[in-house]
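This report refers to the structure that appears directly beneath it.
Coordinate-derived values only; no laboratory data. Because the structure is predicted, anything quoted here is derived from the model rather than measured. Counting neighbours? That spans all protein chains shown, and the Cβs are built from the backbone with ideal geometry, glycine included.
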Amino acid sequence: MARRAEALATRLEQGAAGLAAFAEQLSETEWRSAVPKDGRTVGVIVHHVASVYPIEIDLARTIASGKAVAGVTWEFVAELNAKHAQEHAGVEKAEALELLRQNSKQAADAVRALTDEELDQAAPFSLSFDAPVTAQFVVEDHALRHSWHHLARIRSALGR
């Protein structure tokens, strides 16, 4: 196992664990609170973070294999997020937290399996406007950062 991959996986796990620990202690009212400027509830956002780990890791693996990622745009992501929010509007805390634990572990395990050469591989990435980015960038900017980003927004929304 590459040291870099291990460090990335550990940071991914830390973010997911931080989000889970914060979400676990929320009241039902807080869980159902809408996050300003986003519109989704805290619960939907936690479930969202959990549910997109497999997608984010697939994108990183695609880049790691030297293949371009095409057709994934911010508009597409917005549509995916809106559909997810509608389908999971009533998500229960236990369900979302279990999915967060499962999918973040699988994502971290997948990151640990990447070699330094794969992490350094670059290819055009449509979500980054076809810039040739590395697989490590995709891991860091998506799977790793995602839980930290949403935790900060949730904390701000709840005044914590």
Report, in degrees rounded to the nearest 10, the 0 to 90 angle that the Cα long axis of helix 93-112 makes with the longest principal axis of the chain. 10 degrees
Compute the helix-to-body angle for 145-158: its Cα long axis versus the longest principal axis of the chain, expressed 0 to 90° and rounded to tens. 20 degrees
Relative contact order in percent for region 61-147 (Cα pairs under 8 Å, 6+ apart) equals 45 percent
The chain - charge dipole about Cα centre, Lys and Arg +1 at Cβ, Asp and Glu -1, debye rounded to 20: 380 debye
Just report the Cα centroid separation between region 70-116 and region 1-65, whole Å. 7 Å
In whole angstrom, and with the biggest value first, how far do the Cα coordinates of region 3-158 range along each principal axis? 46, 32, 23
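Over the chain, what is the relative contact order in percent, taking alpha-carbon pairs closer than 8 angstrom and at least six residues apart?
Computed over the chain, the figure is 40 percent.
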Among all the lysines, which ones have a C-alpha under 26 Å from LYS83's C-alpha, if same-chain residues fewer than 8 places away are not counted? LYS37, LYS93, LYS105
Phi-derived 3J(HN,Hα) across region 36-42 with the Karplus relation (6.51, -1.76, 1.60, θ = phi - 60°), rounded Hz, x for Gly and Pro, is x, 6, 10, x, 7, 6, 4
Could you tell me how many degrees, from 0 to 90 and to the nearest 10, lie between the Cα long axis of helix 3-24 and the main elongation axis, the longest principal axis, of the Cα atoms of the chain? 10 degrees
